[in-house]
Structure formats: C-alpha cells, structure tokens
Amino acid sequence: MAITYSSITKKVIMALAGLFLIMFLFVHLTVNLLVLVNDGGETFNKAAHFMVTNPIIQFMQIFLFGGFILHIIMGIVLQIQNWWARPQRYKVEAYSEMSFFSKFMIHTGLIVLAILIYHLYNFFFQAKLGNIEEIFYDGQAYEDMGIMVTEKFSHLSHVLIYVGWLLFLGFHLDHAFHSGLQSLGFNHNKYTPAMFTISRVIAIILTVGFLIIPLAIYFNQ
Ligand code: HEM
C-alpha cells in the first residue's frame, strides 16, 4: 500500500512538473519564432532581453529548472520501480496499450534531456557567460541573440541535430499531456479520446513550430 501511495505521489509531481514544462515550451516557442521576423533580429533581441531582465520571468526560471529536475528524477525513479515491481509493471503497461510512444517515454525523455544539455550549453550558458556580442537599438545595449541563433543554424550538422532532437521531443509530448491529466485524476471514458487528440495536437504544434526555426534559417540563408 505504501509503495502504491508513493508511486501515485511521484506520478502527480511528475505530471504537474510536466504540464508546467509544456507551458514553458509554448512561451519559449513564441519568443523564438520572433527570430524569423525579417528585421535583422531586432524584435527577437528585444523579446529575449525582456525575458532575461524581467524579474517575474527570472523568478519563474527557478520553477522551470526545478520542474525539469523533478520531472526527470521522478521519471527515472518511477521507471526503475516499474522494472523492479512486476505486478506494477503490468499495470502500467496495460495503460500504455493506448499509445505507441507511451512505451518509450523513458527512452525519448533521456534523449531529449541529453540534447537539452547541449542546447543549454549552446545558448543559455553562452548568454550567462556573457559570450554574446552586443547590439544597440536607440542607444540601448542588447545581447545579439538573433545573430547567435542564425549563425548556429547556418550549419547543416547543427540543423540535423536539432531536427532529430525535436522529433524525439514530439514523440515524448505525444503521450505527455493526456498522461499528465490522467495522473492528476482526470480520467473518464467519455473524455479520454479527446484528451489523446489534444495531446497529439500539442505535440504537433510544438514540434512543427520549433522545427520551422532551424529549417527556415538554414534554407533562407
Ligand atoms: C529551434 C528551437 C529552439 C531555439 C532556437 C531555442 C533558443 C534558445 C535560446 C536563444 C535560449 C537562451 C535564452 C537566454 O538565456 O536568453 C534558450 C534557452 C533555453 N531553452 Fe531553448 N530553443 C529551442 C528549443 C528548445 C526546446 C525544444 C527546449 C526544451 C525541450 C528548450 C529549452 C530551453 C531551456 C530550458 C532554456 C533555458 C531557460 C531559458 O533561457 O528560457 N529550447 N533557447
């Protein structure tokens, strides 16, 4: 009984963190799509500047990284518990009959994580280390994130890594939203098909949305 309770608690924490991460991805995608505005990166640089200087957003970043860490740790722990506890494993696998990618959440999740570290190294840490050139608009200095993103995606190798990464993210997200809601107790035969569809639509919007960025930059240079 104790094991069941703690597994449910972990699933709920994982679901809350996962749903929060989906929200982050929508915000991140919206800001990043601005890099495609044809104004030399001005709109994107100003939006990125707002994101890194706004105190509320900086405060939310603590929850973002906390959410990532919780989601990853709970995911790994639950997976190990499933591998060890056979009856529970059957229970979870019966659930997962519903979606193909649900069987590979730990695998797709770990691949997404590995390349996320590479992504953070490329962009986030370069910004934090102050390795980004400055550009001035109306006398005010901004980090030229636009030129950095455009430069990265002018290399085919980089574009291919991102395309692969984003496809795995899409597979992971395909099972994410409805599974998260199910862990939070929203589970009703009548709504399950709709939740699957919403989950897939979210996965497609985020994957295609992010994919447009490297592909558009590479093919428009
Ligand atoms: C082609 C798609 C993407 C582009 C162009 C992009 C670009 C960027 C840039 C420029 C930053 C640094 C922002 C700053 O510190 O000022 C950043 C940070 C970050 N990115 Fe991405 N990103 C993409 C996709 C993703 C995806 C798919 C994920 C998650 C799976 C992700 C997760 C993060 C995280 C967690 C940070 C650090 C937090 C933050 O700065 O908001 N990114 N990204």
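Of the residues 43, 30, only one is out of contact with any helix residue (DSSP H, G or I) (no Cβ under 6 Å at 6 or more places or on another chain), free of Cβ contacts under 8 Å to residues at least 60 places away in the same chain and not small (Gly, Ala, Ser); which?
30
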Study note, to complete from the structure: Filter segment 119-139 for residues that are touching a helix residue (DSSP H, G or I) at 6+ places or on another chain (Cβ under 8 Å) and within 11 Å of the ligand (Cβ to nearest atom); the one that is modelled with the highest pLDDT is 119
Study note, to complete from the structure: Per the filter on segment 119-164, residues touching a strand residue (DSSP E or B) at 6+ places or on another chain (Cβ under 7 Å) and exposed (fewer than 12 other Cβ atoms within 10 Å of the Cβ) are 134, 141
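Condition check ((1) over 18 Å from the mean Cα position of the chain (by Cα); (2) loosely packed, with under 12 Cβ neighbours inside 10 Å; (3) closer than 17 Å to residue 162 by Cβ; (4) more than 16 Å from the ligand (Cβ to nearest atom)) across all residues:
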position	(1), (2), (3), (4)
182	yes, no, no, yes
191	yes, no, no, yes
195	yes, no, no, yes
202	no, no, no, no
207	no, no, yes, no
210	no, no, yes, no
216	yes, no, yes, no
Exercise for review: Kindly indicate whether any position in segment 139-162 is within 17 Å of the chain's Cα centre (by Cα) and closer than 27 Å to residue 72 by Cα.
Suggested key: yes
Check your understanding: What do you reckon, is residue 92 of a type in the set (Val, Ile, Thr) and modelled with pLDDT under 90?
Key -> yes
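The values are calculated or read from the model by the stated rules, or taken from the named source; none is laboratory data. It should be emphasised that the depicted structure is a prediction, and the values quoted were computed from it without experimental measurement. Neighbour counts are summed over all protein chains in view; Cβ atoms, including those assigned to glycine, are modelled from backbone coordinates with ideal geometry.
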